[in-house]
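Novice: I have a structure I would like to understand better, so I am pasting it below and will then ask my questions one at a time.
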Amino acid sequence: MFAGEGRGTGIPKMLKAMQQNGSPPPVFETDEDRTFFLVRLPLRSHFIREAEELKRQTIGQVTGQVVVRVRQF
């Protein structure tokens with residue numbers, strides 16, 4: 001699809017990296033006049049689970065710190 005691309009945009013590298021890490025393929029969008037070019041990079045479900053776990057851990061740490069500070073006053 002983009003194998004012959006030579007403008008240095010990195011699309012072939014992006015496609016290869018996403019394939020190697022198991023991510024879904026990107027979605028390319030434009031209009032008929034090609035006035036814009038949008039690329040959606042969907043996340044692999046593994047990354048979403050990691051982000052949710054990190055969020056839970058961070059919220060727990062921050063909540064604990066706030067409780068300690070409130071009790072000090």
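The values are calculated or read from the model by the stated rules, or taken from the named source; none is laboratory data. As the structure is a computational prediction, the values presented were derived from the model and not from experiment. With ideal geometry, Cβ positions are generated from the backbone for all residues, glycine too; neighbour counts draw on all protein chains shown.
Novice: Take the residues in the stretch 25-46 that are among the polar types (S, T, N, Q) and either part of a loop (DSSP other than H, G, I, E, B) or at pLDDT 90 or above (or both); name whichever of them is farthest from Met14 (Cα to Cα).
Specialist: If we filter the stretch 25-46 for residues that are among the polar types (S, T, N, Q), which is where we start, we get 30, 35, 45.
Then drop every residue that is not either part of a loop (DSSP other than H, G, I, E, B) or at pLDDT 90 or above (or both), which leaves 30, 35.
Values: Thr30: 18, Thr35: 22 Å.
Result: Thr35.
Novice: How about the stretch 47-73: which of its residues are small (Gly, Ala, Ser) and at pLDDT below 70?
Specialist: From the stretch 47-73, those small (Gly, Ala, Ser) are 51, 60, 64; that's our starting set.
Passing the criteria: only Gly64.
Novice: Okay, next question. For the stretch 31-51, which positions are surrounded by 11 or more Cβ atoms within 10 Å (Cβ to Cβ) and either in contact (Cβ under 8 Å) with a residue 40 or more places away in the chain or among the polar types (S, T, N, Q) (or both)?
Specialist: Ser45
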